[in-house]
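*Asks:* What follows is a structure written as structure tokens; I'll ask about it next.
The values are calculated or read from the model by the stated rules, or taken from the named source; none is laboratory data. Owing to the predicted nature of the structure, the values given are computational and were not obtained by experimental measurement. Using ideal geometry, Cβ is built from the backbone for each residue, glycine included, and neighbour counts are taken over all protein chains shown. These area figures cover heavy atoms from the full protein model, side chains too; ligands, DNA and RNA do not enter into them. Shrake-Rupley method; radii C 1.70, N 1.55, O 1.52, S 1.80 Å.
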Amino acid sequence: TKQTGLTALDYGFVNTASTRSEITYIDGDEGILRYRGYPIEQLAKGSTFLEVAYLLIYGELPTEEEYLAFENRITRHTLLHEDIKHLFDALPFSAHPMSVLSSAVAALATYYEDSLDVHDPEAVEINTIRLLAKLPVIAAYAHKKSVGQAFLYPDNSLSFVDNFLKLNFGNFAEPYEVDPVLSRALDRLLILHADHEQNASTSTVRLVGSTDANLYASISAGISALYGPLHGGANEAVLNMLAQIRDSGEGVQRFVQKVKNKEDGVKLMGFGHRVYKSYDPRAKLVKESADEVLAALGVDDPLLEIAVELEQAALNDEYFQARRLYPNVDFYTGIIYKAMGFPTRMFTPLFAIGRLPGWIAQWREQNADPKSKIGRPQQLYTGATEREYPNGREFS
Ligand code: SDX
């Protein structure tokens, strides 16, 4: 520092205590992602979101009996307290669903004041189940609020994902049949989002949880962190970017040039990653799904063609190659969500529903560690050295 005036911060190194965890393993160079040791490709192909949630939270794949009991407990907790619906009345119909989610999740805690003790295993368990069951319902209500439709009640004869689809797309005027293509595709997308090591929102959940704040407060904070367009909000930003390229008529090449020139700070949303310096393994799986889902639904979305052209242009461009920028999980997901019928602003809440078991698993892992301490990220002070306050200083 004395010679150059530069500090570790200038090189992007911030000395934070590394977090020890047994939940998720990522190799950013090799594009490897494993939940509790199981490769994401195998889980996406053969598992279900609820089974993956169980694996992340309890550490092992469930027996059939354990799975059915877990699924049944979640099903039995999908109802929201009738009073919390009034929260939605207080919000404008234009409220962003991520604001609704973080507010409603924090408010949920007020209904369970008798079971918030973070050191009571039974309380931690029941709040795990309540959140897994109720977050999708809150998200569906935020969707219904935004389109001016009545809230439906959960239908406990349906599976977790089918119940969620019906809450979003069903209505009182006509029967709703779940499309198995949508159901399977959404279940797989939720698996792909379920955990991702110490990303910004998970680190937020752990930091808030480290103060012994209750699980609802910690998850609400995680939802707020995920909201940002550099993180989970990117899936919504990608769709807006693709639509802007389509509507501007400028074309992909001109957009890529704007990104390279860093015009107006524009970024290639859905590209780049703090850890993956190779193709995000989830993005590969999402792209496969996009082709399948759009074909099965008979949707011919010009935005998908723009996305594919944009991806090819970037992957073959030295600027992105030199910076090791590849598509991440957010690049193609919005295309699928849009084909399913979700409004763009519901994309990040879908990310939150997928990430919830990971947040809970990470919070519980830290909470159960007797050696765990309150979080206190270190800093490197680069401000003024000591100086004297002027005597007799006065303003006229
Ligand atoms: C998620 O951490 C996780 O695991 C997150 C996540 C999860 O599952 O939880 O994977 C989910 O958040 C994925 C990321 C979604 N965000 C986006 O798609 C937004 C667009 N991406 C970027 O903003 C960016 O890539 C970040 C925020 C993701 C990473 O930022 P970094 O770490 O600052 O990127 P970098 O250090 O690799 O950047 C190196 C260079 C810089 O240029 P130079 O200063 O060297 O000229 O690449 C540039 C950056 O400006 N760059 C981009 C870019 N990403 C990095 N340039 C244009 N477009 C981009 N997307």
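*Asks:* How many residues are open to solvent by 30 Å² or more (accessible area, probe 1.4 Å) and basic (Lys, Arg) if we restrict to the stretch 114-155?
*Replies:* 2
*Asks:* Can you say whether Ala352 is crowded, with 21+ Cβ neighbours inside 10 Å, more than 24 Å from the chain's Cα centre (by Cα), part of a helix (DSSP H, G or I) and in contact (Cβ under 8 Å) with a residue 12 or more places away in the chain, as far as the supplied structure shows?
*Replies:* No.
*Asks:* Can I ask one more? Just one of Gly392, Gly334 is surrounded by 14 or more Cβ atoms within 10 Å (Cβ to Cβ) and small (Gly, Ala, Ser); which is it?
*Replies:* It is Gly334.
*Asks:* Still on this structure, please answer the following. Test Ile353 against the stated conditions and say whether it is under 29 Å from Leu101 (Cβ atoms), modelled with pLDDT of 95 or more and more than 15 Å from the ligand (Cβ to nearest atom).
*Replies:* no
*Asks:* Just to be sure before I move on: is Glu236 open to solvent by 20 Å² or more (accessible area, probe 1.4 Å), within 15 Å of the ligand (Cβ to nearest atom) and outside any helix (DSSP H, G or I) in the structure I sent?
*Replies:* When the stated conditions are applied, Glu236 does not pass them.
Yes/no matrix, rows are residues, columns are (1) open to solvent by 50 Å² or more (accessible area, probe 1.4 Å); (2) part of a helix (DSSP H, G or I):
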position: Tyr276; (1), (2): no, no
position: Lys284; (1), (2): yes, yes
position: Glu288; (1), (2): yes, yes
position: Ala296; (1), (2): yes, yes
position: Leu304; (1), (2): no, yes
position: Ala307; (1), (2): no, yes
position: Glu311; (1), (2): no, yes
position: Ala314; (1), (2): no, yes
position: Phe320; (1), (2): no, yes
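*Asks:* Residue by residue through the stretch 105-157, note down the ones that are among the polar types (S, T, N, Q) and within 16 Å of Asp89 (Cα to Cα).
*Replies:* Ser146, Gln149
*Asks:* Suppose the filter is within 26 Å of Leu33 (Cα to Cα), within 13 Å of the ligand (Cβ to nearest atom) and touching a residue at least 40 places away in the same chain (Cβ under 8 Å); does Gly228 pass it?
*Replies:* Spelling it out, it is not the case that Gly228 is within 26 Å of Leu33 (Cα to Cα), within 13 Å of the ligand (Cβ to nearest atom) and touching a residue at least 40 places away in the same chain (Cβ under 8 Å).
*Asks:* Right, another one. If you take the residues of the stretch 244-263 that are open to solvent by 20 Å² or more (accessible area, probe 1.4 Å) and touching a residue at least 60 places away in the same chain (Cβ under 8 Å), which of them is farthest from the ligand (Cβ to nearest atom)?
*Replies:* Applying the filter and picking the extreme gives Arg246.
*Asks:* Sticking with this one: For Arg324, only one of the following conditions fails: (1) in a helix (DSSP H, G or I); (2) within 11 Å of the ligand (Cβ to nearest atom); (3) open to solvent by 50 Å² or more (accessible area, probe 1.4 Å). What is its number?
*Replies:* Of everything listed in (1) in a helix (DSSP H, G or I); (2) within 11 Å of the ligand (Cβ to nearest atom); (3) open to solvent by 50 Å² or more (accessible area, probe 1.4 Å), Arg324 misses just condition (1).
*Asks:* If the requirement is being in a helix (DSSP H, G or I) and open to solvent by 10 Å² or more (accessible area, probe 1.4 Å), which of these qualifies: Gln379, Gln366?
*Replies:* Gln366
*Asks:* On the basis of being free of Cβ contacts under 8 Å to residues at least 60 places away in the same chain and open to solvent by 80 Å² or more (accessible area, probe 1.4 Å), does Phe93 make the cut?
*Replies:* For Phe93, the condition - free of Cβ contacts under 8 Å to residues at least 60 places away in the same chain and open to solvent by 80 Å² or more (accessible area, probe 1.4 Å) - is met.
*Asks:* Now for a separate question. Within the set of pairs 6 or more residues apart or between chains, which connect a residue that is touching a residue at least 12 places away in the same chain (Cβ under 8 Å) and among the charged types (D, E, K, R) inside the stretch 309-329 to a residue that is part of a loop (DSSP other than H, G, I, E, B) and within 12 Å of the ligand (Cβ to nearest atom) with Cβ atoms less than 6 Å apart?
*Replies:* Arg324/Lys277
*Asks:* Still on this structure, please answer the following. Across the stretch 116-158, what is the total count of residues that are small (Gly, Ala, Ser) and assigned to a helix (DSSP H, G or I)?
*Replies:* Selection size over the stretch 116-158: 6.
*Asks:* Name the single residue that is farthest from the ligand (Cβ to nearest atom) among those in the stretch 180-204 being farther than 30 Å from Arg20 by Cβ and open to solvent by 50 Å² or more (accessible area, probe 1.4 Å).
*Replies:* Pro180
*Asks:* Hey, can you tell me all the residues within the stretch 278-289 that are within 13 Å of the ligand (Cβ to nearest atom) and modelled with pLDDT under 95?
*Replies:* Listed by number, the residues that qualify are Ser278, Tyr279.
*Asks:* Pick out, from the stretch 37-91, the helices (runs of 4 or more DSSP H) lying fully within it that include 1 or more residues that are within 20 Å of the chain's Cα centre (by Cα) and among the hydroxyl-bearing types (Ser, Thr, Tyr).
*Replies:* In the stretch 37-91, the matching helices (runs of 4 or more DSSP H) lie at 49-58.
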